[in-house]
1. Only one of these is in contact (Cβ under 8 Å) with a residue 24 or more places away in the chain and either out of contact with any Lys or Arg (no Cβ under 6 Å at 6 or more places or on another chain) or under 26 Å from Pro180 (Cα atoms) (or both): Ala107, Ala102. Name it.
2. Only one of these conditions is not met by Ala33: (1) small (Gly, Ala, Ser); (2) open to solvent by 50 Å² or more (accessible area, probe 1.4 Å); (3) part of a loop (DSSP other than H, G, I, E, B). Which number is it?
3. Please verify whether segment 112-126 includes one or more residues that are open to solvent by 20 Å² or more (accessible area, probe 1.4 Å), closer than 21 Å to Leu30 by Cβ and either of a type in the set (Gly, Ala, Ser) or in contact with a Leu (Cβ under 7 Å, 6 or more places away or on another chain) (or both).
4. Pairs under 6 Å by beta carbon, first residue within 14 Å of Arg96 (Cα to Cα) in segment 122-134, partner open to solvent by 50 Å² or more (accessible area, probe 1.4 Å), six or more apart or different chains?
5. Taking the residues in segment 48-85 that are assigned to a helix (DSSP H, G or I) and touching a Ser or Thr at 6+ places or on another chain (Cβ under 6 Å) as candidates, determine which candidate is farthest from Arg35 (Cα to Cα).
6. Going through segment 36-58 one residue at a time, which ones are over 13 Å from Asp75 (Cα atoms), more than 18 Å from the chain's Cα centre (by Cα) and open to solvent by less than 40 Å² (accessible area, probe 1.4 Å)?
7. Here's a check for you: in segment 141-157, which residue that is without any contact (Cβ under 8 Å) to a residue 60 or more places away in the chain and buried (at least 20 other Cβ atoms within 10 Å of the Cβ) is nearest to Arg108 (Cα to Cα)?
8. Sort out for me the helices (runs of 4 or more DSSP H) sitting completely within segment 86-179 that have 2 or more residues that are over 14 Å from the mean Cα position of the chain (by Cα) and within 20 Å of Ala71 (Cβ to Cβ).
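The values are calculated or read from the model by the stated rules, or taken from the named source; none is laboratory data. Quick caveat: nothing in here was measured; it's all calculated off a predicted structure. We place every Cβ from the backbone using ideal geometry, glycine too, and count neighbours over all the protein chains shown. Only protein heavy atoms, including side chains, enter the accessible area calculation; ligands, DNA and RNA are left aside. Shrake-Rupley method; radii C 1.70, N 1.55, O 1.52, S 1.80 Å.
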Amino acid sequence: MARRKSRRTNQPARGPRHFLSRSPEEILELAKALRLSGDEDPRSRAQDYTEAADYYAMAGDETTAEELYRAAIDDGGFVVGSAHAYFAGFLFERNRDEEALAVIEAARKLRLEDPDMFVIVAETLQEHGYHREAAAWATRGLVALFDSLAGITAEDLDEDPDGAFLATERKRARQAAGLPADHIDDLVIANTGYDDQAG
């Protein structure tokens, strides 16, 4: 059984990122409030700016959204899931793939260990057709959690939702890339029955 690395506990909770049933005006007001909060509190600045950028993008103000994503990255404060990951998604959605990949590479060089970051980057890469890169990010996430792939067991994935999710995303990306199943993929099948190639 792999020994899971300890997780930091002093991380602020990430707010909801899904689209809320609000009018464009309400979304813009949320964006402005989060930006103001970030301006006033350096402790949560990166987090607030990233969330504000999300809402500005929803409201159609892409210029301000990009400005705030970059400001959050420059601030360097903690963001659940990483400001780099969300900014990369923003860029991919606007067909700015080379820029998005450069942002993701910058995140890799920071050697962050937040499981949410690995999940979001892997999902984003997979969604935009970068299957091998998505598999590599999911693999990095598993290594960040368990130190290596070799010792990961079915019990590890049963007991660690982050690990189970990363393993599933990794398997999905590897299959899409045409890579043969390895022992982690087999664990996913054994634990969940998930196998895109079945049938």
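1. After applying the criteria, what remains is Ala107.
2. Among (1) small (Gly, Ala, Ser); (2) open to solvent by 50 Å² or more (accessible area, probe 1.4 Å); (3) part of a loop (DSSP other than H, G, I, E, B), Ala33 violates only (3).
3. no
4. Taking only residues 6 or more apart or on different chains, the pairs are Leu125/Glu133.
5. Restricting to residues being assigned to a helix (DSSP H, G or I) and touching a Ser or Thr at 6+ places or on another chain (Cβ under 6 Å), the top hit is Ala83.
6. Of everything in segment 36-58, just one residue is over 13 Å from Asp75 (Cα atoms), more than 18 Å from the chain's Cα centre (by Cα) and open to solvent by less than 40 Å² (accessible area, probe 1.4 Å), namely Tyr56.
7. Filtering segment 141-157 for residues that are without any contact (Cβ under 8 Å) to a residue 60 or more places away in the chain and buried (at least 20 other Cβ atoms within 10 Å of the Cβ), the one nearest to Arg108 (Cα to Cα) comes out as Gly141.
8. Output list reads 97-110.
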